[in-house]
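Okay, structure first, notes after.
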Amino acid sequence: MNILITAFEPFHGAETNPSAMVASRLPSTINGHSIVILILPTSFHLCVEKVQHYLERNACDVVIGLGQAGGRKCITPERIAINIDDAVIPDNQGYQPIDRPIQKEGSPAYFSLLPVKRMVQAMREAGIPSALSNSAGTFVCNHFMYTLAHLANTTYPDLRTGFIHLPYAHEQIDKDDCTPSLSLDTMVKGIEIAIRAVIDEKMDSHEALGTIS
């Protein structure tokens, strides 16, 4: 199995992005399956172009996007991406779409093609803080997740795609700051466990991991 892991460069004036830091520490194989890392520009257009270019030239079974969700307390696999760009800040190219559909004729939303509940459960069993997320936001991460799923639905029928958001890394937070963060070692371990769940399971579990609000 060929697995592509993508991550994003820093954005909005930050010096680092935990997704890139975590991705760079992943092994080249997990359970004998190839892991390829691709660091993407935090740009609505360029991130998609770079992955499309890769998929056109390389066989790929799974694409898992990683991104930063500052303020979250744990690792959060995303259940769904919605067909809207509504950027509260510009991307790294200065582009700031507001209320703009990602695909004019596309589905209103796409669900992850990964066993997201099993991923959460596997991380929790290993003591890694994790939760299922039902919103990937409306910035570049959601745009990327939606577009990946759209490509799988229209062009690559055997491709499984999904997205995982990471909290801030400890290194990004001042020691007196109460903003939630995790260590890089914890996040790397969590993502490796999530990848193993994707390798081992195609069907998701039927557990109550939703939220009331």
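Report the normalised scattering of the stretch 109-213 as log10 I(q)/I(0) at q = 0.10, 0.14, 0.22, 0.23 Å⁻¹, calculated by the Debye formula with identical scatterers on the alpha carbons.
After summing over all Cα pairs, the log10 values are -0.33, -0.63, -1.31, -1.36.
For the stretch 173-213, which GluC sites (Glu not before Pro) pass both filters: DSSP loop (anything but H, G, I, E, B) and at most 16 other C-beta atoms within 10 Å?
Details: sites: Glu192, Glu201, Glu207; in loops: Glu201, Glu207.
Qualifying residues, ordered by number: Glu201, Glu207.
Leaving ligands, DNA and RNA out of it, rank Lys117, Lys50, Lys175 by accessible area with a 1.4 Å probe, largest first.
Details: Lys117 30, Lys50 85, Lys175 190 Å².
From most accessible down to least: Lys175, Lys50, Lys117.
Compute, for Met1, the solvent-accessible surface of its heavy atoms (probe 1.4 Å) with the complete set of protein chains present, and express it in square angstrom to the nearest 10.
Per-residue accessible area (Met1): approximately 70 Å².
Taking square-rooted eigenvalues a ≥ b ≥ c of the alpha carbon gyration tensor, is the stretch 72-161 rounded, prolate or oblate, where a/c under 1.5 means rounded and, failing that, a/b exceeding b/c means prolate? Walk me through the numbers before you get to the answer.
Numbers: a/c = 2.64, a/b = 1.39, b/c = 1.91.
In terms of gyration-tensor shape, oblate.
Of all beta bridges DSSP finds with both residues in the chain, what is the antiparallel percent, to the nearest 5? Show your work: numbers first, answer last.
Details: 8 of 30 bridges.
Approximately 25 percent, going by the DSSP bridge assignments.
Under a 1.4 Å probe, what is the accessible area of the chain per residue, stated in Å²?
Numbers: 10210 Å² over 213 residues.
Dividing the accessible area of the chain by its residue count gives 48 Å².
Quick one: what are the phi-derived ³J(HN,Hα) couplings along the stretch 140-152, Karplus 6.51/-1.76/1.60 with θ = phi - 60°, whole Hz, x for glycine and proline?
Computed from phi, the couplings for the stretch 140-152 are 5, 4, 5, 4, 5, 4, 4, 5, 4, 5, 5, 5, 5 Hz.
Two decimals, Cα atoms only, Kirkwood Rh: what is Rg/Rh over the stretch 5-100? All intermediate terms of the calculation are to be shown ahead of the outcome.
Details: Rg = 14.4 Å, Rh = 14.9 Å.
Using only Cα positions, Rg/Rh for the stretch 5-100 is 0.97.
Hey, any idea what % of the chain's accessible area is carbon plus sulfur with a 1.4 Å probe? Display every interim value, and only then the final one.
Numbers: 5050 of 10210 Å².
Percent of accessible area from carbon and sulfur atoms in the chain: 49.
Quick one: Karplus J couplings for the stretch 204-213, per residue in order, coefficients 6.51, -1.76, 1.60, θ = phi - 60°, nearest Hz, x for Gly and Pro?
7, 7, 10, 10, 7, 10, x, 10, 7, 9
Using each residue's phi in the stretch 53-60, evaluate 6.51 cos²θ - 1.76 cosθ + 1.60 at θ = phi - 60° and report the 3J(HN,Hα) Karplus result to the nearest Hz, with x for Gly and Pro.
4, 5, 5, 5, 10, 9, 5, 8
Label-point separation (nm) for Gln96 and Ala126, each offset 7 Å from Cα along Cα-to-Cβ?
Computed distance between label sites Gln96 and Ala126 equals 3.9 nm.
Could you state how much accessible area Ile102 has, in square angstrom rounded to the nearest 10, with a 1.4 Å probe and all protein chains kept in place?
30
Which cross-chain or sequence-distant (5 or more) residues have an amide H under 5 Å from the amide H of Val63, H modelled 1.01 Å from N in plane?
Correct list: Leu4, Arg160, Thr161, Gly162.
The values are calculated or read from the model by the stated rules, or taken from the named source; none is laboratory data. Because the structure is a prediction, the values reported are computed rather than measured. Quick reminder, even Gly has a Cβ in these numbers, built from the backbone with ideal geometry, and neighbours come from all protein chains shown. Areas reflect the complete protein model, heavy atoms only, side chains present, ligands, DNA and RNA absent. Shrake-Rupley method; radii C 1.70, N 1.55, O 1.52, S 1.80 Å.
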